[in-house]
Amino acid sequence: MPMDIVDYEIFGDDMQYVEVELDPGEAAIGEAGAMMMMQDGIEMDTVFGDGSTQQGGLFGKLLGAGKRLVTGESLFTTIFHNESAGKRRVAFAAPYPGKIIPVHLAELGGTLICQKDSFLCAARGVSLGIAFQRRLGVGLFGGEGFIMQRLDGDGLVFVHAGGTLMARDLAPGERLRVDTGCVVALQQSVDFDIQYVGKLKSALFSGEGLFFATLTGPGRVWLQSLPISRLANRIIAMAPAAGGRSRGEGSLLGGLGGLLDGDNN
Amino acid sequence: MATTTSGGSAEAPIAARLFGCGTPPTGEEAQLTFWSSQVEVRSARGVQRVPLAILRAREVVSAEAGLELSWDARGGSCALQVFSPAAIARLRSHPLLREMAQMARLRASRMRSRAWRTVAVALLGLFVLLPVLALLAFLWQADRIAGAIAGRIPVAREQQLGRQVFARMRDSLKLQEQGESLLLVRSLGERLTRESRFRYEFHVAADPAINAFALPGGIIVVHTGLIEATRSPDELAGVLAHEVQHVELRHGLKGLVKQLGLRGLWAAFTGDAGGTLAGEAAVQLGSLRFSRAAELQADAGGFDALVARGFDPRGMVDFFGTMEKAAGATPPPWLSSHPTSAERQQALQARLEGLEPAPGR
């Protein structure tokens, strides 16, 4: 099935949203809860599964829904279709600070493998599936777990991750060592493995953990600079309510400064 | 398709994706055909023929497993990748590629990784199964294990526990501070427990339900309903002797240890600690239920104690007869968790017959 071709525009710097323009009759699928606004004439429809037409029958639908559950997505997908006579826009917002990147599946050979939970929205016809990590070591120590998301189709998908997102092209055989947890998405052609940091001293004291993720080309990979889990850990460590310690931010007044700076509750 | 002049193949080309060789960084579609000594790669950029001798093979794993053939060209290295299972199988079994050392290595590593996977699955299975096995073992030997653990708990500790539970229950019980029945229960109880290591306390609660219960450490509560249902002090002594045996045999403590153990195992198994154990313990003791075996044991022990203390054991036997008649459709609470009165009466009757001629009073 040919994908709907959608025009889009991404707004914002670090807390972005993407506005997708739908021609009459076109549709986009969005992650549940990601919709930010839509214009008149766009109808919202919630379907069980991922809304792609590949899955026939009840069993196929259940299977699709089950897959979505495993990847941490909602059971239902929302389809936004333009029922009006003109072009209409619908916007999807990223759930946490980071970047939204558009990926043309056709350019990648039809398949993108990405971190679970990173899918934001796509043209109708893209199917969301799961990809099990084949390598035990990568599943355990690769930072992305055993289950990744697999997006199939030939349309446009929008993927979101934390911090700054960087796309990198790897030549055949070119290897990149990446901090585990920073891999957002990769083309199917890229080999994803882990590697022991090499020295016991580094493993213990470098703060990089025991393993690197290694990505070997050819193909394109996307990396995030700040996995949301890392940000969350920092915030919790700092949050007094969660048992953290708020530091004086260098104020001479120290604890007293907290009384004066006005952000007490 | 292509000609077969040089001993090449007339097979259908294999769909692959070509990287490097001037293609875009994300590669492009290509068709792969084998000839006797070279492979033909047909893409939008044209056709190139690569000698088999310079080909390298490698497995690519990015959640999905694929096969890559790569070679060095003038503009850098090029790679062909195949991901569909059918195409991978065709490549793997291709007579020309089978000769390649890398293919042999790939096959070997595949076998190795398969072996590893088996080991990993086995370990994982064991990991999952272990708590289940522990749970089953505990369920199977629960009474024995609980008994052994309870045996290590000092009496003072048990009494403290009993008092704590009693303090919680006290408000909901209408305890009688004085009265004939209290005096009667106390005097009978003291006679039954004279040389016990436990310090007993006997209470009478105003409640029409025919019930009596014992808490760990020696607190025994008798409902007025039960006292009214007995026709002689000997019958009441029979009930008390039974309850005293629950204390002496530490049934409450054993039951508690068993419950806590199961709960702890359940928590370890499910990762759900649900509720504080101590709070649960109080609830559990408040509505103590002993096993059938424990009840029969308490009956037998009580019977012997009655005989030893000079009570008429027939009182105990008779009381079950009274109970049986009173029971009707709904048994009184004291019996609800117990074996049937008739069954117990029979067991005691047998004991009574073993005793004849009766020791008298």
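The values are calculated or read from the model by the stated rules, or taken from the named source; none is laboratory data. On a predicted model such as this, the values are computed, not experimentally measured, just so you know. Here Cβ is always computed from backbone atoms with ideal geometry, including for glycine, and neighbour counts include all displayed protein chains. Ligands, DNA and RNA are excluded from the accessible area calculation, which covers all protein heavy atoms including side chains. Shrake-Rupley method; radii C 1.70, N 1.55, O 1.52, S 1.80 Å.
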**OP:** Tell me which residues, restricted to the range B:192-228, are in contact with a helix residue (DSSP H, G or I) (Cβ under 6 Å, 6 or more places away or on another chain) and either on the phi > 0 side of the Ramachandran plot or in a strand (DSSP E or B) (or both).
**Re:** B:Phe202, B:Val204, B:Ala212, B:Ala214, B:Leu215, B:Gly217, B:Gly218, B:Ile219, B:Ile220, B:Val222
Original post:
Of A:Gly198, A:Gly219, A:Gly209, A:Gly137, which residue is at pLDDT below 90 and within 14 Å of chain B (Cβ to nearest Cβ)?
Top reply: A:Gly137
**OP:** Taking A:Gly129 as the residue in question, decide whether it is out of contact with any Lys or Arg (no Cβ under 8 Å at 6 or more places or on another chain) and not hydrophobic (A, V, I, L, M, F, W, C).
**Re:** no
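Here is a check on your reading of the model: is A:Phe141 open to solvent by 10 Å² or more (accessible area, probe 1.4 Å), without any contact (Cβ under 8 Å) to a residue 24 or more places away in the chain and either closer than 24 Å to A:Ile194 by Cβ or hydrophobic (A, V, I, L, M, F, W, C) (or both)?
no
For the range A:103-136, which residues satisfy the criterion of being of a type in the set (Phe, Trp, Tyr) and crowded, with 20+ Cβ neighbours inside 10 Å? Give the steps one after another, and end with the answer.
Taking the range A:103-136 as the starting set, the residues that turn out to be of a type in the set (Phe, Trp, Tyr) are A:119, A:132.
Selection gives A:Phe119 alone.
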Original post:
For the range B:249-349, list the helices (runs of 4 or more DSSP H) that sit wholly inside it and hold at least 2 residues that are open to solvent by 70 Å² or more (accessible area, probe 1.4 Å), modelled with pLDDT under 75 and not assigned by TED's automatic domain parsing to the domain that holds B:Leu133; which are they?
Top reply: B:251-270, B:277-286, B:314-327
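I'm checking my understanding of the structure. Among residues of the range B:13-54 that are aliphatic (A, V, I, L, M) and more than 18 Å from A:Gln188 (Cβ to Cβ), which one is farthest from the chain's Cα centre (by Cα)?
Step one: list which residues in the range B:13-54 are aliphatic (A, V, I, L, M), which gives B:14-16, B:18, B:30, B:32, B:39, B:41, B:44, B:47, B:50, B:52-54.
With the extra rule that they be more than 18 Å from A:Gln188 (Cβ to Cβ), the set shrinks to B:39, B:41, B:44, B:47, B:50, B:52-54.
Working: B:Val39: 60, B:Val41: 60, B:Ala44: 62, B:Val47: 65, B:Val50: 62, B:Leu52: 60, B:Ala53: 61, B:Ile54: 60 Å.
The residue in question is B:Val47.
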Subject >> Positions within the range B:71-112 being among the small types (Gly, Ala, Ser) and in contact (Cβ under 8 Å) with a residue 40 or more places away in the chain, in sequence order >> reply: B:Ala73, B:Gly75, B:Gly76, B:Ser77, B:Ala79, B:Ser84, B:Ala87, B:Ser109
Subject >> Filtered residue count, the range B:32-51, keeping only those that are surrounded by 15 or more Cβ atoms within 10 Å (Cβ to Cβ) and either within 14 Å of chain A (Cβ to nearest Cβ) or among the basic types (Lys, Arg) (or both) >> reply: 4
Original post:
Tell me, which residue of the range A:35-56 that is open to solvent by less than 40 Å² (accessible area, probe 1.4 Å) and modelled with pLDDT of 90 or more is nearest to A:Ile101 (Cα to Cα)?
Top reply: A:Ile42
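Being free of Cβ contacts under 8 Å to residues at least 40 places away in the same chain, within 22 Å of the chain's Cα centre (by Cα) and within 14 Å of chain B (Cβ to nearest Cβ): is that true of A:Thr180 here?
Details: free of Cβ contacts under 8 Å to residues at least 40 places away in the same chain: yes; within 22 Å of the chain's Cα centre (by Cα): yes; within 14 Å of chain B (Cβ to nearest Cβ): no.
Here the answer is no, as A:Thr180 does not meet what is asked.
Do you know which residues across the range A:103-134 are part of a strand (DSSP E or B) and either under 28 Å from A:Phe212 (Cβ atoms) or at the interface with another protein chain (Cβ under 10 Å from one of its Cβ atoms) (or both)?
We begin by selecting, within the range A:103-134, every residue part of a strand (DSSP E or B); these are A:103-104, A:111-114, A:119-123, A:127-132.
A:Val103, A:His104, A:Thr111, A:Leu112, A:Ile113, A:Cys114, A:Phe119, A:Leu120, A:Gly129, A:Ile130, A:Ala131, A:Phe132 - these are the residues of the range A:103-134 that are part of a strand (DSSP E or B) and either under 28 Å from A:Phe212 (Cβ atoms) or at the interface with another protein chain (Cβ under 10 Å from one of its Cβ atoms) (or both).
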Original post:
What are the residue pairs meeting all of these: first residue in the range B:249-261, first residue within 22 Å of B:Ala300 (Cβ to Cβ), second residue of a type in the set (S, T, N, Q) and not in a loop (DSSP other than H, G, I, E, B), Cβ atoms under 9 Å, and 6 or more apart or on different chains?
Top reply: B:Leu249/B:Gln297; B:His251/B:Gln245; B:His251/B:Gln297; B:Gly255/B:Gln284
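Taking the options B:Ile153, B:Ile149, B:Ile145, name whichever one is open to solvent by 50 Å² or more (accessible area, probe 1.4 Å), out of contact with any Phe, Trp or Tyr (no Cβ under 8 Å at 6 or more places or on another chain) and either in contact (Cβ under 8 Å) with a residue 24 or more places away in the chain or within 14 Å of chain A (Cβ to nearest Cβ) (or both).
Values: B:Ile153 fails: open to solvent by 50 Å² or more (accessible area, probe 1.4 Å); B:Ile145 fails: out of contact with any Phe, Trp or Tyr (no Cβ under 8 Å at 6 or more places or on another chain).
Testing whether each residue is open to solvent by 50 Å² or more (accessible area, probe 1.4 Å), out of contact with any Phe, Trp or Tyr (no Cβ under 8 Å at 6 or more places or on another chain) and either in contact (Cβ under 8 Å) with a residue 24 or more places away in the chain or within 14 Å of chain A (Cβ to nearest Cβ) (or both) leaves just B:Ile149.
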Original post:
Can you tell which of A:Leu151, A:Leu186 is in a strand (DSSP E or B), surrounded by 20 or more Cβ atoms within 10 Å (Cβ to Cβ) and either more than 10 Å from chain B (Cβ to nearest Cβ) or out of contact with any strand residue (DSSP E or B) (no Cβ under 9 Å at 6 or more places or on another chain) (or both)?
Top reply: A:Leu151
